[in-house]
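The values are calculated or read from the model by the stated rules, or taken from the named source; none is laboratory data. Model, not experiment: these values are computed from the prediction. Here the Cβ positions follow ideal geometry from the backbone for every residue, glycine too, while neighbour counts run over all protein chains shown. To get the accessible areas, we keep the full protein, side chains included, count just its heavy atoms, and leave off ligands, DNA and RNA. Shrake-Rupley method; radii C 1.70, N 1.55, O 1.52, S 1.80 Å.
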Amino acid sequence: MDKVTLQRIEKLHPFVREEVKTIIKECDEALTGRAKIRITQGLRSFEEQEKLYAIGRLTTGKKVTNAKAGQSIHNYGLAVDICLMIDGKTASWDTAKDWDNDKVADWYECVKIFAKYGWDWGGNWKTFKDLPHFEKKNIQTKKGVVKTSWRTLSKMARDKDGYLVI
């Protein structure tokens, strides 16, 4: 696991940090070739979210998100975006490449591992597919299981560091 990925994990919600480390470790172990996982985005501030939402609407470029501030699971530290780092140097978002020649695309090896831990893949969404995106589907709270919809998360209390109280 590279330094950038570890730094991004440390900013995620404390509830998912160890799980994400385990997932990335399993992905890296499954990918026996030139590719390893890097988290390109984790926790995202509301301000960062608004800037992304403006792309293709208020600023030039292709739309990158349909989520306004508070409407992305990234805003709660419960989502990550990834890429494959090839030979530790080149970022790749190629979902079809099989860098370890095991007849399974490396990206899909990771999709399966994230799914095993209850993470939803943006590539499975019906509209506006987001291939680099994974988000925790459900969280276990003291009051029971909470589905991680932004509407639910936006109503939850936060601790002194700004993280949801789970």
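Table for the structure above
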read-out: Selection count where residues are touching a residue at least 60 places away in the same chain (Cβ under 8 Å) and either open to solvent by 80 Å² or more (accessible area, probe 1.4 Å) or touching a helix residue (DSSP H, G or I) at 6+ places or on another chain (Cβ under 8 Å) (or both), scope the stretch 131-155; value: 7
read-out: Every residue from the stretch 130-154 that is of a type in the set (Lys, Arg) and at pLDDT 90 or above; value: 136, 137, 151
read-out: Test result for residue 43, touching a Gly at 6+ places or on another chain (Cβ under 8 Å), under 26 Å from residue 165 (Cβ atoms) and without any contact (Cβ under 8 Å) to a residue 60 or more places away in the chain; value: yes
read-out: Residue list for the stretch 110-127, filter: more than 15 Å from the chain's Cα centre (by Cα) and open to solvent by less than 20 Å² (accessible area, probe 1.4 Å); value: none
read-out: Top-ranked residue in the stretch 2-14 [being without any contact (Cβ under 8 Å) to a residue 40 or more places away in the chain and surrounded by fewer than 16 Cβ atoms within 10 Å (Cβ to Cβ); ranked as nearest to residue 154 (Cα to Cα)]; value: 10
read-out: Tally, over the stretch 141-166, of residues that are part of a strand (DSSP E or B) and under 13 Å from residue 78 (Cα atoms); value: 3
read-out: Scan of the stretch 47-99 for residues that are of a type outside the set (S, T, N, Q) and under 17 Å from residue 149 (Cβ atoms), ordered by number; value: 67, 68, 69, 70, 73, 74, 76, 77, 78, 79
read-out: Among (1) within 24 Å of residue 46 (Cβ to Cβ); (2) touching a helix residue (DSSP H, G or I) at 6+ places or on another chain (Cβ under 6 Å) - the single one residue 110 does not satisfy; value: (1)
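Condition check ((1) over 17 Å from residue 134 (Cα atoms); (2) in contact with a Phe, Trp or Tyr (Cβ under 9 Å, 6 or more places away or on another chain); (3) among the charged types (D, E, K, R)) across all residues:
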position: 9; (1), (2), (3): no, no, no
position: 20; (1), (2), (3): no, yes, no
position: 63; (1), (2), (3): yes, yes, yes
position: 68; (1), (2), (3): yes, yes, yes
position: 74; (1), (2), (3): no, no, no
position: 94; (1), (2), (3): no, yes, yes
position: 99; (1), (2), (3): yes, no, no
